[in-house]
1. Those residues that are surrounded by 13 or more Cβ atoms within 10 Å (Cβ to Cβ) and closer than 13 Å to Ser97 by Cβ, I need them from segment 23-44; list them, please.
2. If Gly115 satisfies every condition in (1) in contact with an Asp or Glu (Cβ under 9 Å, 6 or more places away or on another chain); (2) farther than 14 Å from Gly14 by Cα; (3) not acidic (Asp, Glu) but one, which is the exception?
3. Within segment 8-45, count every residue that is part of a strand (DSSP E or B) and either of a type in the set (Lys, Arg) or closer than 18 Å to Ser124 by Cβ (or both).
4. In the list Asn78, Asn52, which residue meets the criterion of being in a loop (DSSP other than H, G, I, E, B), touching a residue at least 40 places away in the same chain (Cβ under 8 Å), surrounded by fewer than 22 Cβ atoms within 10 Å (Cβ to Cβ) and not small (Gly, Ala, Ser)?
5. From the set of residues in segment 59-75 that are open to solvent by less than 50 Å² (accessible area, probe 1.4 Å) and not in a loop (DSSP other than H, G, I, E, B), which is nearest to Leu2 (Cα to Cα)?
6. Of the residues in segment 17-35, how many are at pLDDT 95 or above, over 18 Å from Met55 (Cβ atoms) and among the aliphatic types (A, V, I, L, M)?
7. Yes or no: Thr103 β-branched (Val, Ile, Thr), loosely packed, with under 13 Cβ neighbours inside 10 Å and part of a loop (DSSP other than H, G, I, E, B)?
8. Can you tell me how many residues in segment 28-59 are within 12 Å of Thr106 (Cα to Cα) and acidic (Asp, Glu)?
Amino acid sequence: QLQASGGGLVQAGGSLRLSCAASGGTFSRYMMGWFRQAPGKEREFVATISWNGFMTYYVDSVKGRFTISRDNAKNMVNLQMNTLKPEDTAVYYCAASLRPYSTTYTNTEEYAYWGQGTQVTVSS
């Protein structure tokens, strides 16, 4: 089970930190990701991190602004979002793959478990 939190309303240029708490499984062995879905749009890949944290990847639009990290001892994955823009507004979902790493990390089908989502709203 994945529980996302940390969303909210922030002005453009501000920051938010999303957290995803994992329970009920050995998520420390799995690649974890963040996706987002804006109204009327498909769910979009945002960032992913391998099981050991050594590999991270981001969608181009958030590179240099967002940082994904994990604490396997606490079964937590975080997404630090800085310099937020109105186009970052969306519901953000954390997800867990069943593999330690995969090259298909941008595909929603790669992830077996999903959190409930947390709303991020960036005002201009």
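1. Gly25, Phe27, Ser28, Arg29, Tyr30, Met31, Met32, Gly33, Trp34, Phe35
2. (1)
3. Total meeting the criteria: 7.
4. Result of the check over Asn78, Asn52: Asn52.
5. Arg70
6. 2
7. Here the answer is yes, as Thr103 does meet what is asked.
8. So the answer is 1.
The values are calculated or read from the model by the stated rules, or taken from the named source; none is laboratory data. These numbers come from a predicted model, not from an experiment. Cβ: placed from backbone, ideal geometry, glycine included. Neighbour counts: every protein chain shown. The protein model used for the area step is the full one, side chains on, heavy atoms only, and it has no ligands, DNA or RNA in it. Shrake-Rupley method; radii C 1.70, N 1.55, O 1.52, S 1.80 Å.
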